[in-house]
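Let me begin by presenting the structure, written as structure tokens, before commenting on it.
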Amino acid sequence: MNQTLKISVVICTYNRADYIAQAMDSLYHQTLDREAFEVIVVDNNSTDQTKEICNNYIASHTDAHFYFLEEQQQGASFARNKGASIVHSPLLCFMDDDAIADKDYLERIVIFFETHPDAGGLGGRIIPKYIPAEPIWMSYYVSSLVGNFHYSDEVTVFAEGKYPLESNMIIRTKDFHAIQGFNIALPGVVGTLRIGGEGKDFFYRLQSLGKKIYYDPSIRVQHVVEVKKLTKEYMYRVASGIGRGERRRVLAISQFAYIKKNIEYLFKLGASIILGIKYSVQGHPAKAWPVIQFRIDAIKGLLDH
């Protein structure tokens, strides 16, 4: 470990030429001293100008510890594990390639772990930054598909079965290695197919070691959401990816666990229908169907369709 470094940030990226420099810049301009953190960007087979933009940025910001790696195996889990394999600090933070960190983001994280020695993991708030504006059909329940996340108004420990999202999560480096990182059987996006749930699996394994995972709403990033990309196909890929990942995760436990998950998903579909009716009655019919469609698509993924 480098005694000067307090935290390492890993960003896995894929075809984010429009936003990766903005993500890196938000980290460069942190209130935390630049000698106290490093940023590792892992390119996961981008075909646009992402690699060139990253290397140019690093070359022009030599007063900071920024590094660029490449990972050929497709999937965020592979890329995150690759970045984590070279970190030199006691804290490991994961952020998305289209996220913008608050200026005091890293400083708040470091202070949190210094003042909470019992913390094994930490998650923060993720605020969607819709471009150009939030669509009228978007609701709180569907917005989770585009990264919206706010667990509590106060600092709290995640309840059993609850966990941070991968785009704003922190873990002690020693604990990351103790649970052997992200499960590559849940790689994230591979081509046009998504097999999600890697964060859920990750934190379930961390919780199984008895580690406390905290949420702090003041540790914030904004997440860019291009509304034009929120097509029916995109939303299906994300929602079905959640179900597809759950299929793999629970089948690895037992056939009975898979049956229980099917029943759980059916109950959630029923709840979404009730919620859709409620939106319609309240005068927000545009929000009704996307909530139901989310659950239908998740079930399709769980059945691996």
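Can you find a residue that is more than 30 Å from Ala178 (Cα to Cα), aromatic (Phe, Trp, Tyr) and in a loop (DSSP other than H, G, I, E, B) anywhere in segment 49-66?
The first filter runs over segment 49-66 and keeps only residues more than 30 Å from Ala178 (Cα to Cα), leaving 49-63.
From what's left, aromatic (Phe, Trp, Tyr): 57.
Right, trim to in a loop (DSSP other than H, G, I, E, B) and you get none.
The answer is no; no qualifying residue exists.
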### Task
Out of the residues in segment 126-168 that are in a strand (DSSP E or B) and touching a residue at least 60 places away in the same chain (Cβ under 8 Å), state the one that is surrounded by the fewest Cβ atoms within 10 Å (Cβ to Cβ).
Ile131
### Task
From (1) in contact with a Phe, Trp or Tyr (Cβ under 9 Å, 6 or more places away or on another chain); (2) within 26 Å of Gly245 (Cα to Cα), pick out the condition that doesn't hold for Thr50.
(2)
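Of all residues in segment 172-213, which are of a type in the set (Phe, Trp, Tyr) and over 13 Å from the mean Cα position of the chain (by Cα)?
Once the filter is applied, which keeps residues that are of a type in the set (Phe, Trp, Tyr) and over 13 Å from the mean Cα position of the chain (by Cα), segment 172-213 yields Phe176, Tyr204.
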### Query
Which residue, of Ile131, Ile136, Ile86, is within 19 Å of Arg220 (Cβ to Cβ) and either at pLDDT 95 or above or not basic (Lys, Arg) (or both)?
Ile131
### Message
Of the conditions (1) of a type outside the set (Gly, Ala, Ser); (2) in a loop (DSSP other than H, G, I, E, B); (3) within 18 Å of Arg108 (Cα to Cα), Gln74 satisfies every one except a single condition; which number is it?
### Response
(3)
### The listed residue being within 18 Å of Val224 (Cα to Cα) and among the acidic types (Asp, Glu), out of Glu134, Glu52
Glu134
### Task
Out of Gly270, Gly243, report the one residue that is in a helix (DSSP H, G or I) and within 23 Å of Tyr151 (Cα to Cα).
Gly243
### Query
Phe182 passes all but one of (1) without any contact (Cβ under 8 Å) to a residue 24 or more places away in the chain; (2) surrounded by 21 or more Cβ atoms within 10 Å (Cβ to Cβ); (3) of a type in the set (Phe, Trp, Tyr); which number fails?
(1)
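One line per residue, one yes/no per condition, for (1) within 19 Å of the chain's Cα centre (by Cα); (2) of a type outside the set (Lys, Arg):
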residue	(1), (2)
Val41	yes, yes
Tyr57	no, yes
Lys82	yes, no
Met95	yes, yes
Asp98	yes, yes
Asp102	yes, yes
Thr115	no, yes
Asp118	no, yes
Pro128	yes, yes
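The values are calculated or read from the model by the stated rules, or taken from the named source; none is laboratory data. Computed from a prediction, not measured in an experiment: that's the story for all the values here. Heads up, the Cβs are rebuilt from the backbone with ideal geometry, glycines too, and the neighbour counts pull from every protein chain shown.
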